[in-house]
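Notes follow the structure.
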C-alpha cells in the first residue's frame, strides 16, 4: 500500500456526486436515495404549512406518502401514486439523473434521457404505509446546517463532509 492510499484512508472526506441539474427546492426541498428507498419531503400544493414525506422502496416499488405526523395522503389509492410521489420522482431525476434513479429503484428504462413520468409508468408497487418520522428528522437535520454561522474553522459536527477540492488520487 503506498503513502497516498494510506493518507486517503485516514482522511474524513468523501467524493460527492454533483447534481445532474440544479433543482428548485420550493416543491421538493429534500430528496435522497437512501435506506433502500427514494425518499423525500414534498410541499403541499394547498397548504403552505404542510409537507408530505414520500417514499418508494427499491425493488418492490411499494410506496408511501403521509404528512410529517403520519396522516395519510388523500391522493393515494391501492396502486395509484399521488402527485407528491410523482413530484419526488421528477425532482430525483433532476438531481441524480434518470439512469441512476432507475438503477436504484431497479426499474428497466430502455431509452436514455428518460423522464420522471417514464420511471413512474414502470413502477408496479402498491401503497404500503411507512413511518415518516425518520425521513422528516433527516430533513430537519439538514435544515440545521443552513443555520450554522459562516466560518472557515472546522465544525466538529460536520467533519464527515467533503473538504473543498478534496480529490482521491
Between residue 100 and residue 150, what length in nm is gained on full extension when 0.36 nm per residue of separation is reduced by their alpha carbon distance? 14.7 nm
Kirkwood hydrodynamic radius of the range 20-142, from inverse mean 1/r over distinct Cα pairs, in Å: 14.1
Quick note on 145, 96, ordering by fewest other C-beta atoms within 10 Å, gives 145, 96
Can you put 144, 79 in order of Cβ neighbours within 10 angstrom, beginning with the fewest? 144, 79
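Using the 10 angstrom Cβ neighbour count as an exposure proxy, how do 48, 56 rank, fewest first?
Details: 48 8, 56 28.
Arranged by neighbour count, lowest to highest, 48, 56 become 48, 56.
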Given labels modelled 7 Å from the Cα in the Cβ direction, how far is it in nm from residue 72 to residue 140? 2.5
In terms of the alpha carbon gyration tensor, root eigenvalues a ≥ b ≥ c, rounded if a/c is under 1.5 and otherwise prolate when a/b exceeds b/c or oblate, the range 81-137 is prolate
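Taking 0.36 nm per residue of sequence separation and subtracting the Cα-Cα distance, how much length would be gained by fully extending the chain between residue 126 and residue 26, in nm to one decimal? Walk me through the intermediate numbers first.
Values: separation 100, 0.36 × 100 = 36.00 nm, distance 2.74 nm.
That works out to 33.3 nm of additional length.
Read-outs throughout are calculated quantities, based only on the coordinates presented, and are distinct from any laboratory measurement. Computed from a predicted structure; not experimentally measured. Cβ sites come from the backbone with ideal geometry, for glycine too, and all protein chains shown count toward neighbours.
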